[in-house]
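In what follows, a structure is listed as structure tokens, so that the remarks can point back to it.
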Amino acid sequence: MEVPLLDLKQQYHALKPELDAALSRVVESQHFILGPEVSALEEEVAAFCGVRYAVGMSSGTDALLAALMALDIAPGDEVVTSPYSFFATAGVIARLGATPVFVDIDPATFNIDATRLDRVLTERTRAIIPVHLYGRMADMTAIMAVAEARGLAVVEDAAQAIGAFDGERRRAGTVGHMGCYSFFPSKNLGGFGDGGMTVTDDAALADRLRMLRMHGMEPRYYHSIIGGNFRLDAIQAAVLRVKLPHLDAWTAARRSNAERYRVLFSKAGAAHVTLPEDEPGHIYNQFVIRVPERDRVQARLRASGIGTEIYYPVPLHLQECFSSLGYSQGDMPHSEAAAAETLALPVFPELTADQQAYVVATVVDTVT
């Protein structure tokens, strides 16, 4: 049996008439950059998330970069974040000449451990970037308490978490000063290429973000600040407008698949497999387990036709490009253990019960 990590073709074929019509609408308009499709998507995402402003960006990475630029993050500044994330989280800090400062994760949630924040804050700390990894929100109540006490900005990396919520029913990306989403095709809400969005309740920040995505231009050909080309294109916006109304149903299907995994692994008596903790607002962009001899397990699954992925094999504090920061093996033990032990299993909405049973049986057979 073949079980891909993600099968976007099923989603496409289910929505093909609507998607084809949306693409045709953009082509007929010949309005490809920003414009009415992007403005409409911004309004719809803002309403979905419960924020005042949403600003379409060219990628999730650029959404983060523009958010930090809007805060005037610059050389000499420090920005605190997680070492267990996609590279962009720390990369955007370094691109502005600022210094990433890493705080280890909570091993149960894979998110930044808010209890450790005070240990790394200095007079140069300007902001915190919590990451809502795999679609589960970080402890924003604790993070905001620290930020407010120290006068720090909070930019939520919600690239994997659109639609997730916490115990107070707050959406990922809406608690801090800004939140950033990615519409990369593999995300729960994915486009037909790169795309992203930054959201905020602050009108001044929203205006600045709109300027930054247009090279700092306002009005046309007048530049009071230096920005970049961070514009979301109309084709991506049109595709995402078709998909957004289905997001809650897809989230429900992912959660159902996660629960089925729990039942199947429990019945199989998989004592050596650690499953991700659940909470009501977890949207399962990935279903990530911990297993001993992870690489051997992955190889066996690959040979059995099962798609998996390792998110992420090298934590950020040990990446070669950050060697000048002075971190060493052992500095972030929970992140390092996660990098060595975790494996993402298929959890996409269209995954069948038979496919999941096959995945579980293969995992259990390999680790026992």
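Applying the selection to segment 112-140, what residues are farther than 11 Å from THR81 by Cβ and under 16 Å from the mean Cα position of the chain (by Cα)?
Within segment 112-140, HIS132, LEU133, TYR134, GLY135, ARG136, MET137, ASP139, MET140 meet the criteria.
So which of THR89, THR81, THR125 ends up being of a type in the set (S, T, N, Q), more than 22 Å from PHE165 (Cβ to Cβ), touching a strand residue (DSSP E or B) at 6+ places or on another chain (Cβ under 7 Å) and modelled with pLDDT of 95 or more? First the steps, then the outcome.
Working: THR89 fails: more than 22 Å from PHE165 (Cβ to Cβ); THR81 fails: more than 22 Å from PHE165 (Cβ to Cβ).
THR125 is the lone residue from the list that is of a type in the set (S, T, N, Q), more than 22 Å from PHE165 (Cβ to Cβ), touching a strand residue (DSSP E or B) at 6+ places or on another chain (Cβ under 7 Å) and modelled with pLDDT of 95 or more.
Restricting to segment 151-197, give me the number of residues that are under 15 Å from the mean Cα position of the chain (by Cα), open to solvent by 20 Å² or more (accessible area, probe 1.4 Å) and of a type in the set (D, E, K, R).
The total comes to 3.
In segment 1-81, which helices (runs of 4 or more DSSP H) lie fully inside it and hold 1 or more residues that are closer than 30 Å to GLN355 by Cα and open to solvent by less than 30 Å² (accessible area, probe 1.4 Å)?
Of the helices (runs of 4 or more DSSP H) lying wholly inside segment 1-81, those with at least 1 residues that are closer than 30 Å to GLN355 by Cα and open to solvent by less than 30 Å² (accessible area, probe 1.4 Å) span 8-29.
I'd like to verify a number: residues in segment 327-352 that are out of contact with any strand residue (DSSP E or B) (no Cβ under 9 Å at 6 or more places or on another chain) and farther than 30 Å from GLY190 by Cα, how many?
Summing the residues that are out of contact with any strand residue (DSSP E or B) (no Cβ under 9 Å at 6 or more places or on another chain) and farther than 30 Å from GLY190 by Cα in segment 327-352 gives 4.
Among the residues of segment 351-368, what is the count of those that are more than 15 Å from TYR261 (Cβ to Cβ) and either of a type in the set (D, E, K, R) or under 28 Å from the mean Cα position of the chain (by Cα) (or both)? Let's see the steps before the verdict.
Residues of segment 351-368 more than 15 Å from TYR261 (Cβ to Cβ): 365-366, 368.
Next, from what is left, pick out any that are either of a type in the set (D, E, K, R) or under 28 Å from the mean Cα position of the chain (by Cα) (or both): 365.
Counting residues in segment 351-368 that are more than 15 Å from TYR261 (Cβ to Cβ) and either of a type in the set (D, E, K, R) or under 28 Å from the mean Cα position of the chain (by Cα) (or both) gives 1.
Select from segment 248-277 the residues that are modelled with pLDDT of 95 or more and assigned to a loop (DSSP other than H, G, I, E, B) and write down the one among them that is farthest from ILE162 (Cα to Cα).
Step by step, filter segment 248-277, then rank; the result is VAL273.
Of everything in segment 221-235, what is buried (at least 24 other Cβ atoms within 10 Å of the Cβ) and in a helix (DSSP H, G or I)? Give them in sequence order.
Answer for segment 221-235, where residues must be buried (at least 24 other Cβ atoms within 10 Å of the Cβ) and in a helix (DSSP H, G or I): just ALA234.
Could you list, in sequence order, all residues of segment 273-297 that are closer than 26 Å to TYR181 by Cβ and either open to solvent by less than 20 Å² (accessible area, probe 1.4 Å) or of a type in the set (D, E, K, R) (or both)?
In the first step, residues of segment 273-297 are kept if they are closer than 26 Å to TYR181 by Cβ; the result is 276-289.
Of everything in segment 273-297, those that are closer than 26 Å to TYR181 by Cβ and either open to solvent by less than 20 Å² (accessible area, probe 1.4 Å) or of a type in the set (D, E, K, R) (or both) turn out to be PRO276, GLU277, ASP278, GLU279, GLY281, HIS282, ILE283, TYR284, ASN285, PHE287, VAL288, ILE289.
Can you tell me which residue is farthest from the chain's Cα centre (by Cα) among those in segment 279-322 that are more than 20 Å from VAL363 (Cα to Cα) and charged (D, E, K, R)?
Out of the qualifying residues, it is GLU320.
Is it the case that segment 324-332 has a residue that's in a helix (DSSP H, G or I), more than 30 Å from THR99 (Cα to Cα) and open to solvent by 20 Å² or more (accessible area, probe 1.4 Å)? I'd like the intermediate steps shown before the answer.
First pass over segment 324-332, keeping only residues in a helix (DSSP H, G or I): 324-325.
From what is left, the residues that are more than 30 Å from THR99 (Cα to Cα) are none.
No, the conditions are met nowhere in segment 324-332.
If you scan segment 82-96, which residues turn out to be open to solvent by 20 Å² or more (accessible area, probe 1.4 Å), in contact (Cβ under 8 Å) with a residue 40 or more places away in the chain and assigned to a loop (DSSP other than H, G, I, E, B)? Talk me through it step by step, then tell me what you get.
Filtering segment 82-96 for residues open to solvent by 20 Å² or more (accessible area, probe 1.4 Å) gives 86-87, 94-96.
If we keep only those that are in contact (Cβ under 8 Å) with a residue 40 or more places away in the chain as well, we get 86-87, 94.
Once the filter is applied, which keeps residues that are open to solvent by 20 Å² or more (accessible area, probe 1.4 Å), in contact (Cβ under 8 Å) with a residue 40 or more places away in the chain and assigned to a loop (DSSP other than H, G, I, E, B), segment 82-96 yields PHE86, PHE87.
Keeping to segment 191-215, report how many residues are in contact with a His (Cβ under 9 Å, 6 or more places away or on another chain), of a type outside the set (Ser, Thr, Tyr) and either more than 16 Å from VAL38 (Cα to Cα) or assigned to a loop (DSSP other than H, G, I, E, B) (or both).
Going through segment 191-215 one residue at a time, the tally reaches 4.
Only one of these conditions is not met by GLU148: (1) crowded, with 23+ Cβ neighbours inside 10 Å; (2) free of Cβ contacts under 8 Å to residues at least 12 places away in the same chain. Which number is it?
(1)
Could you figure out which of (1) more than 21 Å from the chain's Cα centre (by Cα); (2) closer than 24 Å to TYR312 by Cα; (3) assigned to a loop (DSSP other than H, G, I, E, B) isn't true of THR109?
(1)
The values are calculated or read from the model by the stated rules, or taken from the named source; none is laboratory data. Small disclaimer: the values here were computed from a predicted structure and weren't measured. Counting neighbours? That spans all protein chains shown, and the Cβs are built from the backbone with ideal geometry, glycine included. Note: areas computed on protein heavy atoms with side chains; ligands, DNA, RNA excluded. Shrake-Rupley method; radii C 1.70, N 1.55, O 1.52, S 1.80 Å.
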